[in-house]
Amino acid sequence: MPHIADTIRSLHASLPEGVELVAVSKFHPVEALQEAYLAGQRLFGESRQQELLQKIPLMPEDVRWHFIGHLQTNKVRSIIGKVALIESVDSERLLSVINSEAGKAGVVQQVLMQVHVAREETKFGFLPSELVDFFVSGASAKYHNVKYRGVMGMASNTDDDRRVRADFEEIYRTFQSIRATAMVEPDFDLVSMGMSHDYPLAIAAGANLVRIGTAIFGERNY
Ligand SMILES: *Cc1c(COP(=O)(O)O)cnc(C)c1O
């Protein structure tokens, strides 16, 4: 799979300073992840709990994992403490379960709050105003076993670059509004947006984590 290693190396060389690559490896076999690892990739994104748990013991210990998919509350316990970051906190109910499971496990779980801006489809997440409110109102402060690290979002799935750019800008503005509330700490500093087809626009709008799957590993066979 020379394509994987080449793409990892060229992404590492071309992403701007300060932008980190999440290699989205869902639905791909562990051999593909190992190929990426050998090319220098250490951060992987998975979107299904069971698949993640199967892959973790098969990869070297210095791999960091991000959970990036919709997470069911009954699956939270099994991944707490095993992932560096849960990027996809899409409801207060999920957050509250993450908080209590982290408490029981004696860890602080780092999270991103998922912002919903895309126009179409059933995408998960908080509306921008809802999410800003969650911090302004102080509701965020009751969860002591999570560490808020930033926001995650997706743009509308369209060829219209103006729409995509506007979506990314809205996610970034939401991030800035939350920072401006002073209800978060200085390490609330991560903006995860941009996938294979739109990551350059996301970076232009302020992303510092990009989640790239297909461009590295090829099409997924569901
Ligand atoms: C699958 C997935 C990606 C990667 O998408 P590609 O188009 O394959 O790069 C990024 N983010 C999330 C949340 C995903 O589920």
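Coordinate-derived values only; no laboratory data. Being a predicted model, the structure only gives us computed values, none of them experimental. No Cβ is skipped: glycine too gets one built from the backbone with ideal geometry, and neighbour counts run over all protein chains shown.
Some points to look at:
- From least to most packed, judged by other beta carbons within 10 angstrom and beginning with the fewest, THR174, THR158, THR7 follow the order THR158, THR7, THR174.
- Counting neighbouring Cβ atoms within 10 Å and putting the fewest first, the residues ILE86, ILE56, ILE203, ILE216 line up as ILE56, ILE203, ILE216, ILE86.
- Spin-label pair HIS3/ARG220, simplified geometry with 7 Å Cα→Cβ offset, distance in nm: 1.7 nm
- Per-residue Cβ neighbour rank within 10 angstrom, fewest leading, PHE134, PHE67: PHE134, PHE67
- Gyration tensor verdict on the stretch 80-200 (Cα atoms; rounded if a/c is under 1.5, prolate if a/b is larger than b/c, oblate otherwise): prolate
- Modelled spin-label separation between ALA180 and VAL108, with each label point placed 7 Å from Cα along the Cα-to-Cβ direction: 2.7 nm.
- Fraction of antiparallel bridges per DSSP, the stretch 95-210 only, in percent to nearest 5: 0 percent
- For VAL89, the residues whose amide H sits under 5 Å from its own are LEU112, GLN114, ignoring neighbours fewer than 5 places away on the same chain, with H placed 1.01 Å from N.
- Computed over the chain: relative contact order in percent, which uses C-alpha pairs under 8 Å that are six or more apart: 20 percent
- Within the straight-line cut-off of under 19 Å between alpha carbons, the lysines reachable from LYS104 are LYS75, LYS82, LYS142, LYS147, sequence neighbours fewer than 8 places apart in one chain being disregarded.
- Scaled against 2.2 N^0.38 Å for its residue count N, the alpha carbon radius of gyration of the stretch 7-82 is 1.13.
- For LYS147, the amide hydrogen comes within under 5 Å of the amide hydrogens of GLN109, GLN110, VAL111, counting only partners 5 or more places away or on other chains and with H modelled in the peptide plane.
- Percentage relative contact order, the stretch 143-194, counting C-alpha pairs under 8 Å, at least six apart: 52 percent
- Note on ASP62 and ALA204: the model spin-label points, each 7 Å out from Cα along the C-beta direction, lie 3.6 nm apart.
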